[in-house]
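Notes to accompany the following structure.
The values are calculated or read from the model by the stated rules, or taken from the named source; none is laboratory data. Just so you know, these numbers come straight off a predicted model, no measurement behind them. Cβ placement follows ideal geometry from the backbone for every residue including glycine, while neighbour counts extend to all protein chains displayed.
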Ligand code: LLP
């Protein structure tokens, strides 16, 4: 199993900073970005902040030239704080509040509109706003149902079917304070089936044609979203270059018919950061039951939610040990039976005190972590070319109680 960082260094970092611990390798993030950038030459790469919003990570991607895809005022403020140009920030969400809309307009970012009610809220501000619409192309991306977002029944976007999206553009074109500049879709996450991307792109481009032919609307950009999967089990899967080979020719073909070439935007999150991160935890006990063997570790779904939430598979390695032993479930320390980080994994002889690495934890790891079971959230470390930096301190006990108030009479 190929590790991002040498085992000895990981063990040393666990000793120095304690566990659980998220560790990221800066050079891998930069390489991942370059891979996308090269595959989609000339396109705008909007990093999907939700994958990992740690400031140092966002700064690395800004330095590389990434724009930002944000989904809340918090992410929007983070992107602004990191120094992303407002015109390079696209704000997507299906339930934006009026406050979020005002803030987005005042900041000058692009609002990716999800409903007619939202369009009306924007109109009511009377302020000049740049918008795109998120459209729903109704394709099945063949991924976990919880992360499929452009299916017929999904809550996101305006359907291309029945001219729902077309009508939204028509309404927007009649509003004096609204400037229509793009169209966006995002069909899901951890997608390895390239046909769903090409089907959706065809539908999107057909729609862009209709906007031009029926309404004379010419867009500055088309945003095809994120969603490219990574190889969690080490299997061969399509890469950015394969995705580009599938969708760019479609966009080109339609651009000729359109008579203009919209800019291409993408919103990768996972691909840029997932394999740049590893989560370390420590074995607290090894327990054999008449039915199963368990390795109990000092983190759980409060730290890495993905296995419990999506049954996702992450490779798991006992550091400094080799050989084959028995099969174990790696059990988290949260008091719920669903808190299993890996099932039926064959591990080398494992003992209390061993350090376990959970691979490919850089995306949707820390960003989905919580304090459930009153466990402070872990530290984050960045391994740079010539140094190791703490980019987020481990939370302490006080963080569990911050901001809480107890009425006086309850104390005695
Ligand atoms: N754009 C939009 C509008 C999105 O909603 C998402 C992800 C992305 C881009 C980035 O997708 P990516 O390239 O990372 O697949 N927590 C789940 C993933 C949820 C993704 C939600 N939206 C997980 O751990 O698998």
Self-check item: Scan of region 129-146 for residues that are within 13 Å of the ligand (Cβ to nearest atom) and surrounded by fewer than 18 Cβ atoms within 10 Å (Cβ to Cβ), ordered by number
Solution: 144, 145, 146
Quiz item: Restricting to strands (runs of 3 or more DSSP E) lying wholly in region 280-376: which have 2 or more residues that are at pLDDT 95 or above and over 23 Å from residue 395 (Cβ atoms)?
Solution: 293-297, 316-318, 327-331, 340-346
Self-check item: Single residue of region 20-37 satisfying the filter (within 13 Å of residue 277 (Cα to Cα) and within 15 Å of the ligand (Cβ to nearest atom)) that is surrounded by the most Cβ atoms within 10 Å (Cβ to Cβ)
Solution: 22
Exercise. Could you check how many residues of region 38-56 are within 15 Å of the ligand (Cβ to nearest atom), part of a helix (DSSP H, G or I) and touching a strand residue (DSSP E or B) at 6+ places or on another chain (Cβ under 7 Å)?
Key: 1
Quiz item: Looking at residue 119, is it surrounded by fewer than 17 Cβ atoms within 10 Å (Cβ to Cβ) and touching a residue at least 12 places away in the same chain (Cβ under 8 Å)?
Solution: no
Self-check item: Subset of region 341-356 that is free of Cβ contacts under 8 Å to residues at least 40 places away in the same chain and within 21 Å of residue 302 (Cβ to Cβ) - its residue that is surrounded by the fewest Cβ atoms within 10 Å (Cβ to Cβ)
Solution: 343
Practice problem: Looking for whichever is surrounded by fewer than 17 Cβ atoms within 10 Å (Cβ to Cβ) and at pLDDT 95 or above here; the options are 8, 73. Which one fits? | Solution: 8
Quiz item: Residues of region 153-187 being in contact (Cβ under 8 Å) with a residue 12 or more places away in the chain, part of a loop (DSSP other than H, G, I, E, B) and more than 14 Å from the ligand (Cβ to nearest atom), which ones?
Solution: 160, 175, 177
Exercise. With respect to residue 190, determine if the residue is touching a residue at least 24 places away in the same chain (Cβ under 8 Å) and within 15 Å of the ligand (Cβ to nearest atom).
Key: yes
Exercise. Check off (1) without any contact (Cβ under 8 Å) to a residue 60 or more places away in the chain; (2) in contact with a strand residue (DSSP E or B) (Cβ under 6 Å, 6 or more places away or on another chain) for residue 69 and give me the number that stays unchecked.
Key: (1)
Self-check item: Scan of region 378-392 for residues that are in contact (Cβ under 8 Å) with a residue 60 or more places away in the chain, assigned to a loop (DSSP other than H, G, I, E, B) and surrounded by fewer than 20 Cβ atoms within 10 Å (Cβ to Cβ), ordered by number
Solution: 384, 385
Self-check item: Cross-chain or 6+ apart pairs with Cβ under 6 Å, region 29-56 first and under 17 Å from residue 247 (Cβ atoms), then part of a helix (DSSP H, G or I) and away from the ligand (no atom under 14 Å from the Cβ)
Solution: 39/241; 39/244; 40/244
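Being at pLDDT 95 or above and either within 19 Å of the chain's Cα centre (by Cα) or within 30 Å of residue 174 (Cα to Cα) (or both) narrows it down to one residue among 246, 220; which is it?
Working: 246 fails: either within 19 Å of the chain's Cα centre (by Cα) or within 30 Å of residue 174 (Cα to Cα) (or both).
Criteria check complete, one pass: 220.
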Quiz item: Does region 13-28 contain at least one residue that is closer than 20 Å to residue 231 by Cβ, touching a helix residue (DSSP H, G or I) at 6+ places or on another chain (Cβ under 7 Å) and free of Cβ contacts under 8 Å to residues at least 60 places away in the same chain?
Solution: no
